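Data first, discussion second: the structure below is written as structure tokens.
The values are calculated or read from the model by the stated rules, or taken from the named source; none is laboratory data. From a predicted model like this one, the values you see are computed outputs, not experimental measurements. Here the Cβ positions follow ideal geometry from the backbone for every residue, glycine too, while neighbour counts run over all protein chains shown. The area values use the complete protein model at the heavy-atom level, side chains included, leaving out ligands, DNA and RNA. Shrake-Rupley method; radii C 1.70, N 1.55, O 1.52, S 1.80 Å.
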Amino acid sequence: MAKKIIRITESDLVNIVKRVLNEQGGYDDTIQMAQHGGSVIGGLKKIIDNIIELLSNNIESLKKNIDKHKRMKIMVDIGNVLEIIEDNLKKIRKEIMGNRELRKAVSDLRRSVERGRNRLSTLSSFTPRFANPEMPGGLTGAGMEIPSQELNDKLFDILLPISTKAEKLAFELRDEEENIIGRLGRLDNLN
């Protein structure tokens, strides 16, 4: 049989080594698996809770008739929170080892958060030194030209996909918890 030359990238090699370590017991050690799984699942649950809180607070504010400048400020604040959530999702995704569906759900949510944050930044932004009496507080963006109800609708359109992806991640997270509990139970039976 002839030898074949196979080219792989560095990331492919890292993934192969992680898979081999996992199969050799690197993550089958009960304590290590419980700690790692707990920290990843706990971190993702906290991110989902933050998204739910962000969405519920702002969906309530959509029902109220508030001044456009206040709405624009809220949108800037939402964008700032989404930036933190996106950064946390990038960090925690690297920690997810074996569950491809969970990694995909985290990636999908991160992309949805990024798109939402980018759309919000076009509608509303904050420039601290901006001096224009028509745009108090340094608020700028396309949202200043949009009627209030249309601005509410756009904000809802931005938040809805994030909510949907967060819900999908919550289901994947529940499945991963069951998987970890099952693996820990099987390992206990072997010992």
- Message: What number comes out for accessible area per residue over region 65-127 if the probe is 1.4 Å? Units Å², please.
- Response: 54 Å²
- Query: Modelled label-to-label distance, PHE171 and ASP77, 7 Å Cα→beta-carbon offset: nm?
  - Reply: 3.2 nm
